[in-house]
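Taking it in order: structure first as structure tokens, then the write-up.
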């Protein structure tokens with residue numbers, strides 16, 4: 001009543017089984033890769049490294065703000081020393097020094113703006129979200145600003 005399966009049916013059966021094994025292996029490989037990426041991007045070690053980067057950027061931004069205040073105070077002191085006299089009445093050395101300070105101030109503001117933009121962009125990324133919601137990584141001690149406002153260049 002039963003006939004032996006033909007070679008064609010055996011081949012089809014093996015193809016289906018092997019295809020399933022290969023597809024299952026690929027699916028497991030993909031899941032394993034996804035788990036590895038998730039661990040690399042969202043794991044405790046990654047979170048601490050990201051927090052450290054944010055903290056370092058925060059410190060650099062604070063230093064740049066302090067430098068900007070120093071340059072602005074220097075410029076104001078020089079202007080005040082001439083009691084409102086127009087710049088063409090200043091000594092040549094003071095005009096040159098003022099111009100150097102203005103140029104350096106513009107560079108510091110541009111550097112601040114660049115770092116602030118990078119900081120703000122990272123805070124908006126999904127894999128940096130822990131810093132936005134107050135979930136600090138283990139070992140972290142202080143919450144960081146969510147965003148920095150850039151300096152307006154005159």
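The numbers here are math on the coordinates, done by the rules we state, and not lab data. Because the structure is predicted, anything quoted here is derived from the model rather than measured. Every residue, glycine as well, gets a Cβ built from its backbone with ideal geometry; the counts of neighbours run over all protein chains shown.
The table that follows gives values for the structure above.
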quantity	calculated
Length added when fully stretched, residue 85-residue 100, from 0.36 nm per residue minus Cα-Cα	3.5 nm
Two-site label geometry, residue 76 and residue 55: point separation in nm, points 7 Å out along Cα→Cβ	3.3 nm
Fewest-first ranking of 101, 128, using other Cβ atoms within 10 Å as the exposure measure	101, 128
By average C-beta atoms within 10 angstrom, highest first, the peptides 57-66, 105-114	105-114, 57-66
Segment residue 150-residue 69, extension gain: residue separation times 0.36 nm, minus the distance between their alpha carbons	27.7 nm
